[in-house]
Structure formats: structure tokens, C-alpha cells
Amino acid sequence: MNEGIVAFIRSLAGSLRDLTPIILVIGFFQVVVLQQPLPEFGRVFLGTGLVVLGLTFFTYGLEMGLFPLGESLAFNFAAKGNLAWLLAFAFALGFGTTVAEPALIAVAEEAAEVAAHGGIVSNEPEALERYADNLRYTVALAVGLAIVLGVYRIIRGWAIHWFIISGYVLVVLMTAFAPRSIIGIAYDSGGVTTSTITVPLVTALGVGLASSIEGRNPMVEGFGLIAFASLTPMLFVMGFGMVMHA
């Protein structure tokens, strides 16, 4: 059998295995605890099947395309030895993938609606779009700079924990001064930025870069970029809130 088909079947089996527990939990509480039949069983069954297929295609695509691409780019930039281009690529990758994150787009639009209800911005389509876009680009800028910092840390071999500790100390300090209405959004922005588009490419970049530098352990040095990408948006969004609410 073709290796690609075997890999796809293996990915499909993995998706079924991963989704089975949550399906069982939902079914148990719906049928046993609530004692209610599943609403529109046919649609639910079809939707579940589509979720399994979607997750399978997504994970298979990552393994086949995005992970090798990210690692290949990291190897090539390291081979060229041009630090400026490598850092420019790191920023562009972090910024571009974050702008395209569906979860961030949804959260930014919801935040704009809430801001309009709170009287922070006018309830006009242009104002709502501008607020949402400003929030998205603020988060994207934060992630871009975070990836630059993380890549430079891998190159220099610096320990990651001091950066993370210092960053969260700053988060706590800024929380005391940021408007209350922006704090929750800032914390959520750290999570929604590290989603389906950003994580695979950024992780591949870190592992590929660490693997291409002599003396670096990919397990120790290659991971951690996502931690930077989760941390910096909280700082930048709270700063964004201070400016917008001033």
C-alpha cells in the first residue's frame, strides 16, 4: 500500500482516538444525566464525521507540509549565517501568522462589540472595524517581536526561564495599572494567538534552528517560542488598552 495512504489512515485513526473521549462524555451527559435524546441525530453524526475528517486532514497537512517547510527555512537561514535576514524572517512569520489566526479575528471582533456597548468606541461599522484591526495588529506586532526574541535566544543559548519569569512579573505589574475592561482581553489574547496557524510554523522554526546550530539541543533550545508568543500579547494589549482608554 502507498506510504501516503498508510500515513493518512494512521492520522485518521489518531483523530478518532483523540475525539472519542469527548464524544463519550457529551453522549453520557446528554443521554444518562440529562436523559434527553440527541437533537437532530443525523446532523450531529454528520458534523462529528466532518470534524474527524477535518482534524485528520489538518494534522496530516501539518506533518506533510508545514513542519518540513518551517524546518527547511530555519536550516537554510542558519546555513546562510545572515542574522539580520533570519530575524526579519522570524518577525514576518510571527506577525503574518498571527494576523491570519481565525481565533484572534473572532476575539477582536467580539472585543470591538463589547467596547461599543461600553461606550469606549462608537457603535459604527468603521469604528468597530478600526478597533478590531488595531487590536489584531497590536497582538501581531507583539508576537512578531516575541519570535525575534525567541530566535535570538536560541542563537545565543540563553536560558528561557529568566525571560518567562521576567515577562510574567511585568504582566502582573501592568495588570495593576491597566483598565479593568482590557485585562481579560489581554489575557485571552495570549491564548488565541497560539492556535492553528501560528503554532506549527513557529514550532518548526524553533526546532529546525536549534537542530542546525552546533551544540544546541533541539529538545532544550528548540521549544519555547510559543511561550514567548503567548506572553508578549498580554503586555502589548494592556498597553493598547491604556492608550485607548486614556
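The values are calculated or read from the model by the stated rules, or taken from the named source; none is laboratory data. Quick caveat, the model's predicted, so the values are computed rather than measured. Cβ: placed from backbone, ideal geometry, glycine included. Neighbour counts: every protein chain shown. Heads up: the accessible areas ignore ligands, DNA and RNA and are worked out on the full protein's heavy atoms, side chains in. Shrake-Rupley method; radii C 1.70, N 1.55, O 1.52, S 1.80 Å.
Residue check: is residue 24 more than 21 Å from residue 194 (Cβ to Cβ), touching a residue at least 60 places away in the same chain (Cβ under 8 Å) and either surrounded by fewer than 17 Cβ atoms within 10 Å (Cβ to Cβ) or in contact with a Gly (Cβ under 9 Å, 6 or more places away or on another chain) (or both)? Criteria not met by residue 24. Exactly one residue among 120, 154 is among the β-branched types (Val, Ile, Thr), out of contact with any Leu (no Cβ under 6 Å at 6 or more places or on another chain) and touching a residue at least 24 places away in the same chain (Cβ under 8 Å), and that residue is 120.
Report whether or not residue 215 is assigned to a helix (DSSP H, G or I) and modelled with pLDDT under 85.
So residue 215 fails the test.
If you go through region 123-151 and keep only what is of a type in the set (S, T, N, Q) and either in contact with a Gly (Cβ under 8 Å, 6 or more places away or on another chain) or in contact (Cβ under 8 Å) with a residue 60 or more places away in the chain (or both), you end up with 134, 138. For region 27-60, the set of residues classified as among the aliphatic types (A, V, I, L, M) and either over 30 Å from residue 199 (Cα atoms) or in contact with a strand residue (DSSP E or B) (Cβ under 7 Å, 6 or more places away or on another chain) (or both) consists of 31, 32, 33, 34, 38, listed by residue number. Filtering region 60-86 to residues that are surrounded by fewer than 17 Cβ atoms within 10 Å (Cβ to Cβ) and hydroxyl-bearing (Ser, Thr, Tyr) leaves only 72.
Screening region 1-21 for residues that are aliphatic (A, V, I, L, M) and exposed (fewer than 10 other Cβ atoms within 10 Å of the Cβ) and picking the one that is nearest to residue 196 (Cα to Cα) gives 5.
When each of 109, 129 is tested for being loosely packed, with under 15 Cβ neighbours inside 10 Å and in contact with a helix residue (DSSP H, G or I) (Cβ under 9 Å, 6 or more places away or on another chain), the lone residue that passes is 129.
For residue 37, indicate whether it is modelled with pLDDT of 75 or more, surrounded by fewer than 14 Cβ atoms within 10 Å (Cβ to Cβ), out of contact with any His (no Cβ under 7 Å at 6 or more places or on another chain) and not in a helix (DSSP H, G or I). It is true that residue 37 is modelled with pLDDT of 75 or more, surrounded by fewer than 14 Cβ atoms within 10 Å (Cβ to Cβ), out of contact with any His (no Cβ under 7 Å at 6 or more places or on another chain) and not in a helix (DSSP H, G or I). No other residue among 193, 175 is within 11 Å of the chain's Cα centre (by Cα) and either touching a residue at least 12 places away in the same chain (Cβ under 8 Å) or open to solvent by 40 Å² or more (accessible area, probe 1.4 Å) (or both) apart from 193.
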